[in-house]
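Asks: The structure follows.
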Number of protein chains: 2
Amino acid sequence: MHAEIIAVGSELLTPDRIDTNSLFLTAALNRLGIEVIRKSVVGDDPSQLRDAFGGALERSDVIISSGGLGPTEDDLTRETVAELLGRRLRRDEEILAGIRERFRRYNRPMPETNARQAMVPEGAEMLPNPRGTAPGLWLEARGRIVILLPGPPGELEPMFEREVVPRLEKRSPGLRLYTRELRVAGLPESDVEERVSGIYRQYPDVRITILAVSTEIQLHPRLWSDNAREANRVLDEMSERFALALGENLFSTRGQTLEEVVAEGLHRQQATLAAAESCTGGMLAARLTNVAGSSAYFRGGIVCYSNEMKISVVGVPAETIEAYGAVSSEVALAMADGVRHGTDSTIGVGITGIAGPSGGTAEKPVGLVHIAIADRAGSRDKAFQFAGDRQRIRLNATQAALDSVRRYLLYAKPGRE
Amino acid sequence: MHAEIIAVGSELLTPDRIDTNSLFLTAALNRLGIEVIRKSVVGDDPSQLRDAFGGALERSDVIISSGGLGPTEDDLTRETVAELLGRRLRRDEEILAGIRERFRRYNRPMPETNARQAMVPEGAEMLPNPRGTAPGLWLEARGRIVILLPGPPGELEPMFEREVVPRLEKRSPGLRLYTRELRVAGLPESDVEERVSGIYRQYPDVRITILAVSTEIQLHPRLWSDNAREANRVLDEMSERFALALGENLFSTRGQTLEEVVAEGLHRQQATLAAAESCTGGMLAARLTNVAGSSAYFRGGIVCYSNEMKISVVGVPAETIEAYGAVSSEVALAMADGVRHGTDSTIGVGITGIAGPSGGTAEKPVGLVHIAIADRAGSRDKAFQFAGDRQRIRLNATQAALDSVRRYLLYAKPGRE
């Protein structure tokens, strides 16, 4: 069973907007065993709409559109599809009453144009919209299923889950899509590719996508099958072989973020963490605290952009900064140890580097970042050289810091010393 | 002149990847006076490719594709387009020599499959690719222009700028697209719409997009015109009327971010800033330090997630926390004043709130955030009630904090007291 997605709206043909509903719809359709073979974006123009839906009806079993169901004269999806299928539009009094009721609830008069949203092609089923005035529509014609959905994701997504999924489930074939998601830190994409390509070539039925997402590499194997047990066995076997090839660089097989994995490690070790950040300017703390419940293990952070703050708040000795410079192994170690001690945490992290664009020298170029980890027993430091612009360097530095904490937690017993 | 963009690649039909080349291409085409009327995504499948290019040749003056020019058997764009236009493919020895040379430079043998990338449809112009092995192709047929580009943005973008723009400039009509970008903080989308709709209705030739981007509202007026002076006059007049209607809520007319506007204000006032953050956990500091040169005005930040840190590092009196609770106007004020004093900054910001999902009470619900600003003369606080999930509440809180600093800087003379 093949599907096609049409996003309707002239604003989606500007450089400012992109259709993202199709990602949600694709994931949901794949779960039902339906593959997406075409996606299109088309403006609110009758001849373009006719052409897009006409072509789709030639090609695809299921056609899903988003947008163009609003109350204004720009919104032409309903009319165009009805005309294309030779169906008359009739006013549905029940829908109209629902729209009137919605306006009454918000104490506003219903503009007359909203009555257009109650026009339904003959033979169409109405898909209720509890989040907005535009109902969706389900039509069957010429052996095809045509589904018209509203554009706002907050309306489209619950309508799809509640109304469309149960209807499609009855029609969809036995084939289902099985997937896994593996996440890797600390290896460039080409190295990941090199380590796993010999493995995935042995599974010709599995399609694999290797994605560089922000600062990590993700592996997404996808397998269509009518046999759940066999599909899961193949994907589990393949994932295990990937895990062996990737070693400690693999940090997640269940879609967790790196900060969530670090959170789990800290919970497991009953350890607490604090961070002193210079060039990353609070990004590490922001990522750590984005995990709900992080107050259980994150004591706090110091963003010490100035040398004065490194000295007075974190407790880095002034002589250390003078002797080695603010961007140095020695200062990173003193920051990690100082923030750990000052906040009475089990683990301290120190980050100091040059995010650029200016401030680099031949000896200490832009992109040089020192990351140190301290516990009660001592501290260690690693120097990184990152490429890219300021934002990229800062992102890579927070990723490397989180990954350093993750690897440290694999072996250390910080809570027991 | 109308254009259509076709993104080729089966991976773009999964839930994991989205075509973003079309945004770059749309902006570049619009600057040349060419409107985009359709975007499609299609897999590496000959019949689907034939259908997509065949349809486009019926509709559009310019057809631009990205992807499908690689060396493997999956990459079929070249072959399919040649077949569709009835052109034979011939091997271009110059291109082949270039590919061989590229491999030699990297000390790698050229796999024989790469020779496919030297196959060119008769009558096509080759578009050199200094960043990769796949050259682009320019074809003219049936009164249409067909342009095949490689998929990776790092190859597509320079090729488009260097090879395609000069060729299209010669053909494109006098019409050009003129745009403005206005950014608004502190007003919901519906309020912005209400304030400006009476104005933009008086300019029927200007198309306006109102976007809610993260936590701010953007207005993008677009006007097609063959008269630069008149178009700029209309857009300037309209923007001035928007500015009057939006008042202080309008923070940028040149595309700057809110943190960049705050940076300008701090520079202008020769003021320095420090922040004490609880629920935002470093996000405010991270946004402020993402501006290059921020060390000139940002002294540093304290992420005081625990009460102990609020007391020992920021200097909030323990009695204040005990009497009013950590999330209170009084604690926000003490945080702002404490961090200002401790870092010897002109301005201090304090943020304390409940980001959720847990921790809320009837009296202090999830989403309640106190934001305080202190200078040498005193301090003020404002309570906000934000909706949404943890990430949304934290984002809104940093946006409100930046906006509070911006508005404060419009009137205050912190450097002169």
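The values are calculated or read from the model by the stated rules, or taken from the named source; none is laboratory data. Nothing here was measured: the structure is a model prediction, and the numbers come from that model. We place every Cβ from the backbone using ideal geometry, glycine too, and count neighbours over all the protein chains shown.
Asks: For the range A:118-135, name all the residues that are of a type in the set (Gly, Ala, Ser) and closer than 17 Å to A:Gly68 by Cβ. It would help to see each step written out before you state the result.
Replies: To start, the set of residues in the range A:118-135 that are of a type in the set (Gly, Ala, Ser) comprises A:118, A:123-124, A:132, A:134.
Result: A:Ala118, A:Ala124, A:Gly132, A:Ala134.
Asks: Same structure, new question: Could you tell me which of the residues B:Arg268, B:Arg241 is assigned by TED's automatic domain parsing to the domain that holds B:Gly367, on the phi < 0 side of the Ramachandran plot, in contact (Cβ under 8 Å) with a residue 24 or more places away in the chain and surrounded by fewer than 20 Cβ atoms within 10 Å (Cβ to Cβ)? Even if it seems obvious, please write down each step before you answer.
Replies: Details: B:Arg241 fails: assigned by TED's automatic domain parsing to the domain that holds B:Gly367.
The conditions single out B:Arg268.
Asks: Could you check the range B:35-50 and list, in sequence order, the residues that are without any contact (Cβ under 8 Å) to a residue 40 or more places away in the chain and more than 7 Å from every other protein chain (Cβ to nearest Cβ)?
Replies: If the condition is that a residue be without any contact (Cβ under 8 Å) to a residue 40 or more places away in the chain and more than 7 Å from every other protein chain (Cβ to nearest Cβ), then B:Asp44, B:Asp45, B:Pro46, B:Ser47, B:Arg50 are the ones that fit.
Asks: Pairs only if they're at least six apart or on different chains, beta carbon under 9 angstrom, first in the range B:282-311 and closer than 20 Å to B:Ile393 by Cβ, second aliphatic (A, V, I, L, M) and assigned to a loop (DSSP other than H, G, I, E, B); list them, first residue then second.
Replies: Within 9 Å, the pairs are B:Cys304/B:Val316; B:Lys310/B:Val316; B:Lys310/B:Ala326.
Asks: Which of (1) within 14 Å of chain B (Cβ to nearest Cβ); (2) surrounded by 15 or more Cβ atoms within 10 Å (Cβ to Cβ); (3) more than 14 Å from A:Thr179 (Cα to Cα) does A:Ser252 not meet, given it meets every other one?
Replies: (1)
Asks: What number of residues in the range B:143-195 are of a type in the set (A, V, I, L, M, F, W, C), within 30 Å of B:Pro121 (Cβ to Cβ) and in a strand (DSSP E or B)?
Replies: Within the range B:143-195, residues that are of a type in the set (A, V, I, L, M, F, W, C), within 30 Å of B:Pro121 (Cβ to Cβ) and in a strand (DSSP E or B) number 5.
Asks: Just give me the residues in the range B:146-166 being exposed (fewer than 15 other Cβ atoms within 10 Å of the Cβ) and in contact with a Gly (Cβ under 9 Å, 6 or more places away or on another chain), in sequence order.
Replies: The one that is exposed (fewer than 15 other Cβ atoms within 10 Å of the Cβ) and in contact with a Gly (Cβ under 9 Å, 6 or more places away or on another chain): B:Gly154.
Asks: Can you say whether A:Glu94 is touching a helix residue (DSSP H, G or I) at 6+ places or on another chain (Cβ under 9 Å) and of a type in the set (Asp, Glu), as far as the supplied structure shows? It would help to see each step written out before you state the result.
Replies: On the way: touching a helix residue (DSSP H, G or I) at 6+ places or on another chain (Cβ under 9 Å): yes; of a type in the set (Asp, Glu): yes.
Yes, satisfied.
Quick grid of which residues meet (1) touching a Cys at 6+ places or on another chain (Cβ under 7 Å); (2) modelled with pLDDT of 95 or more; (3) more than 22 Å from A:Gln391 (Cβ to Cβ); (4) small (Gly, Ala, Ser):
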residue: A:Asn249; (1), (2), (3), (4): no, yes, yes, no
residue: A:Glu260; (1), (2), (3), (4): no, yes, yes, no
residue: A:Ala263; (1), (2), (3), (4): no, yes, yes, yes
residue: A:Arg299; (1), (2), (3), (4): no, no, yes, no
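Asks: Going through B:Leu85, B:Leu182 one at a time, which residue ends up being among the aliphatic types (A, V, I, L, M) and more than 30 Å from B:Asp205 (Cα to Cα)? Outline the logic, then answer.
Replies: Details: B:Leu182 fails: more than 30 Å from B:Asp205 (Cα to Cα).
Going through B:Leu85, B:Leu182 in turn, the sole match is B:Leu85.
Asks: Follow-up. Going residue by residue through the range B:97-104, is there one that turns out to be within 14 Å of chain A (Cβ to nearest Cβ) and either free of Cβ contacts under 8 Å to residues at least 12 places away in the same chain or in contact with a Cys (Cβ under 9 Å, 6 or more places away or on another chain) (or both)? Lay out the reasoning, then the answer.
Replies: Taking the range B:97-104 first, the residues within 14 Å of chain A (Cβ to nearest Cβ) are none.
Checked the range B:97-104: no residue is within 14 Å of chain A (Cβ to nearest Cβ) and either free of Cβ contacts under 8 Å to residues at least 12 places away in the same chain or in contact with a Cys (Cβ under 9 Å, 6 or more places away or on another chain) (or both).
Asks: Another question about this same structure. Considering only the range B:272-290, state which residues are touching a Lys or Arg at 6+ places or on another chain (Cβ under 6 Å), over 19 Å from B:Ala412 (Cβ atoms) and either more than 7 Å from chain A (Cβ to nearest Cβ) or surrounded by fewer than 24 Cβ atoms within 10 Å (Cβ to Cβ) (or both). Walk me through it before giving the result.
Replies: We begin by selecting, within the range B:272-290, every residue touching a Lys or Arg at 6+ places or on another chain (Cβ under 6 Å); these are B:272, B:274, B:280, B:283.
Adding the requirement that they be over 19 Å from B:Ala412 (Cβ atoms) leaves B:280, B:283.
Matches in the range B:272-290: B:Thr280 only.
Asks: Can you tell me which of A:Gly136, A:Gly143 is surrounded by fewer than 18 Cβ atoms within 10 Å (Cβ to Cβ), within 36 Å of the chain's Cα centre (by Cα) and away from chain B (no Cβ under 14 Å)? Give the derivation first.
Replies: On the way: A:Gly136 fails: surrounded by fewer than 18 Cβ atoms within 10 Å (Cβ to Cβ).
One residue alone meets the criteria, A:Gly143.
Asks: I want to confirm something. Restricting to the range B:301-316 and keeping residues that are hydrophobic (A, V, I, L, M, F, W, C) and in a loop (DSSP other than H, G, I, E, B), which single residue is nearest to the other protein chains (Cβ to nearest Cβ)? Can you show your working first?
Replies: Step one: filter the range B:301-316 for residues hydrophobic (A, V, I, L, M, F, W, C), giving B:302-304, B:309, B:311, B:313-314, B:316.
The next check asks that each one be in a loop (DSSP other than H, G, I, E, B); those that pass are B:304, B:316.
On the way: B:Cys304: 5, B:Val316: 13 Å.
Out of the qualifying residues, it is B:Cys304.
Asks: Going by what's in this entry, would A:Gly293 be described as modelled with pLDDT of 95 or more and either surrounded by 21 or more Cβ atoms within 10 Å (Cβ to Cβ) or closer than 30 Å to B:Arg390 by Cβ (or both)? Show your work before the answer.
Replies: On the way: modelled with pLDDT of 95 or more: no; either surrounded by 21 or more Cβ atoms within 10 Å (Cβ to Cβ) or closer than 30 Å to B:Arg390 by Cβ (or both): yes.
It is false that A:Gly293 is modelled with pLDDT of 95 or more and either surrounded by 21 or more Cβ atoms within 10 Å (Cβ to Cβ) or closer than 30 Å to B:Arg390 by Cβ (or both).
Asks: Scan the range A:329-368 for residues that are among the β-branched types (Val, Ile, Thr), in a strand (DSSP E or B) and more than 14 Å from chain B (Cβ to nearest Cβ) and report the count.
Replies: We begin by selecting, within the range A:329-368, every residue among the β-branched types (Val, Ile, Thr); these are A:331, A:339, A:343, A:346-347, A:349, A:351-352, A:354, A:361, A:366.
Narrowing further to those that are in a strand (DSSP E or B): A:347, A:349, A:351-352.
With the extra rule that they be more than 14 Å from chain B (Cβ to nearest Cβ), the set shrinks to A:347.
The total comes to 1.
Asks: Something else about it: Looking at B:Ala332, is it touching a residue at least 24 places away in the same chain (Cβ under 8 Å) and over 30 Å from B:Arg254 (Cβ atoms)?
Replies: Details: touching a residue at least 24 places away in the same chain (Cβ under 8 Å): yes; over 30 Å from B:Arg254 (Cβ atoms): yes.
Spelling it out, B:Ala332 is indeed touching a residue at least 24 places away in the same chain (Cβ under 8 Å) and over 30 Å from B:Arg254 (Cβ atoms).
Asks: With the requirement that a residue be part of a helix (DSSP H, G or I) and touching a residue at least 12 places away in the same chain (Cβ under 8 Å), what does the range A:244-263 give you? Quick ask: steps written out before the conclusion?
Replies: From the range A:244-263, those part of a helix (DSSP H, G or I) are A:244-249, A:258-263; that's our starting set.
Selection gives A:Ala245, A:Leu246, A:Glu248, A:Asn249, A:Leu258, A:Glu259, A:Glu260, A:Val261, A:Val262, A:Ala263.
Asks: On to the next question. Kindly indicate whether B:Tyr408 is away from chain A (no Cβ under 14 Å) and within 25 Å of B:Thr257 (Cβ to Cβ).
Replies: yes
Asks: Okay, moving on. Which residue out of B:Gly360, B:Gly367 is in contact with a strand residue (DSSP E or B) (Cβ under 7 Å, 6 or more places away or on another chain), surrounded by fewer than 24 Cβ atoms within 10 Å (Cβ to Cβ) and in the same structural domain as B:Phe298 (by TED's automatic domain parsing)?
Replies: Values: B:Gly360 fails: in contact with a strand residue (DSSP E or B) (Cβ under 7 Å, 6 or more places away or on another chain).
Among B:Gly360, B:Gly367, only B:Gly367 is in contact with a strand residue (DSSP E or B) (Cβ under 7 Å, 6 or more places away or on another chain), surrounded by fewer than 24 Cβ atoms within 10 Å (Cβ to Cβ) and in the same structural domain as B:Phe298 (by TED's automatic domain parsing).
Asks: Within the range B:384-397, is there a residue that is surrounded by fewer than 23 Cβ atoms within 10 Å (Cβ to Cβ), part of a strand (DSSP E or B) and assigned by TED's automatic domain parsing to the domain that holds B:Ala286? Walk me through it before giving the result.
Replies: Here is the first cut: in the range B:384-397, the residues surrounded by fewer than 23 Cβ atoms within 10 Å (Cβ to Cβ) are B:384-392, B:395-396.
In the following step, the residues that additionally are part of a strand (DSSP E or B) were identified as B:384-385.
If we keep only those that are assigned by TED's automatic domain parsing to the domain that holds B:Ala286 as well, we get B:384-385.
Checked the range B:384-397: at least one residue is surrounded by fewer than 23 Cβ atoms within 10 Å (Cβ to Cβ), part of a strand (DSSP E or B) and assigned by TED's automatic domain parsing to the domain that holds B:Ala286.
Asks: Looking at the range B:63-84, which of the residues that are under 38 Å from the mean Cα position of the chain (by Cα) and more than 25 Å from B:Ile18 (Cα to Cα) is surrounded by the most Cβ atoms within 10 Å (Cβ to Cβ)? Let's see the steps before the verdict.
Replies: Residues of the range B:63-84 that are under 38 Å from the mean Cα position of the chain (by Cα), as a first pass: B:63-82, B:84.
Next, from what is left, pick out any that are more than 25 Å from B:Ile18 (Cα to Cα): B:82, B:84.
Details: B:Ala82: 21, B:Leu84: 18.
Residue satisfying both the conditions and the ranking: B:Ala82.
Asks: So which strands (runs of 3 or more DSSP E) stay within the range A:44-133 end to end and still have 2 or more residues that are charged (D, E, K, R) and modelled with pLDDT of 90 or more?
Replies: On the way: elements: A:62-66, A:89-91, A:119-121, A:125-127.
The strands (runs of 3 or more DSSP E) meeting that bar are A:89-91.
The rows are residues; the columns are (1) over 24 Å from B:Glu4 (Cα atoms); (2) charged (D, E, K, R).
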residue	(1), (2)
A:Ile6	no, no
A:Asp16	no, yes
A:Leu49	no, no
A:Gly54	no, no
A:Ile99	yes, no
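Asks: State which residue is farthest from B:Arg207 (Cα to Cα) when the search covers only the range B:163-179 and only residues that are of a type in the set (Lys, Arg) and in contact (Cβ under 8 Å) with a residue 24 or more places away in the chain.
Replies: Our first condition is that a residue be of a type in the set (Lys, Arg); within the range B:163-179, this holds for B:167, B:170-171, B:176.
Narrowing further to those that are in contact (Cβ under 8 Å) with a residue 24 or more places away in the chain: B:167, B:171, B:176.
Working: B:Arg167: 28, B:Arg171: 25, B:Arg176: 14 Å.
Only one residue tops the list, namely B:Arg167.
Asks: Within the range A:13-34, can you find the residues that are more than 8 Å from chain B (Cβ to nearest Cβ) and surrounded by fewer than 21 Cβ atoms within 10 Å (Cβ to Cβ)?
Replies: A:Ala28, A:Arg31, A:Leu32, A:Gly33
Asks: Here's a follow-up. Select from the range B:294-336 the residues that are under 26 Å from B:Gln270 (Cα atoms) and touching a Gly at 6+ places or on another chain (Cβ under 6 Å) and list them in ascending order.
Replies: Passing the criteria: B:Gly301, B:Val303, B:Val314, B:Gly315, B:Ala332, B:Met335, B:Ala336.
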